[in-house]
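Presented below is the structure to which this report refers.
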Amino acid sequence: MPNQNQPKKNEATLVVAETLQKAMACHQAGDLANAEHGYRAILSTQPDSVDALHYLGLLEAQRERYVEAL
């Protein structure tokens, strides 16, 4: 019997990947507010997301918020 949760997990993974791509594009374009929003949206559902944590830390360092960056 197929796992009923598998499609939902794949959909969630796709949404996170798309959100990360959009946030990174905003970050690269200098739109730090929207980039931060995207990274935090990912972290609200996946608090251990290494990519979102990494890029949010870089963003905070760019803003010279070094304590938050850690």
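The values are calculated or read from the model by the stated rules, or taken from the named source; none is laboratory data. Not measured: the values here are computed from a predicted model. All Cβ positions, even for glycine, are placed from backbone atoms using ideal geometry, and neighbour counts span all protein chains on display. To get the accessible areas, we keep the full protein, side chains included, count just its heavy atoms, and leave off ligands, DNA and RNA. Shrake-Rupley method; radii C 1.70, N 1.55, O 1.52, S 1.80 Å.
Structure summary
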item	result
Matching residues in segment 36-49 - criterion: being open to solvent by 50 Å² or more (accessible area, probe 1.4 Å), part of a helix (DSSP H, G or I) and among the acidic types (Asp, Glu)	none
Qualifying positions in segment 25-49 - out of contact with any Asp or Glu (no Cβ under 9 Å at 6 or more places or on another chain) and either over 20 Å from Ala12 (Cα atoms) or among the aliphatic types (A, V, I, L, M) (or both)	Gln28, Ala29, Gly30, Asp31, Leu32, Ala33, Asn34, Ala35, Ala41, Leu43
Candidates Glu18, Glu64, Glu60 - the one that is on the phi > 0 side of the Ramachandran plot and either among the small types (Gly, Ala, Ser) or out of contact with any Ser or Thr (no Cβ under 7 Å at 6 or more places or on another chain) (or both)	Glu64
Top-ranked residue of segment 29-46 - restricted to ones that are farther than 18 Å from Ala69 by Cβ and not hydroxyl-bearing (Ser, Thr, Tyr), ranked as nearest to the chain's Cα centre (by Cα)	Ala41
Only one of Ala33, Ala23 that is open to solvent by less than 40 Å² (accessible area, probe 1.4 Å), touching a helix residue (DSSP H, G or I) at 6+ places or on another chain (Cβ under 9 Å), among the small types (Gly, Ala, Ser) and assigned to a helix (DSSP H, G or I)	Ala23
Candidates Ala52, Ala69, filtered to the one that is touching an Asp or Glu at 6+ places or on another chain (Cβ under 6 Å) and surrounded by 14 or more Cβ atoms within 10 Å (Cβ to Cβ)	Ala69
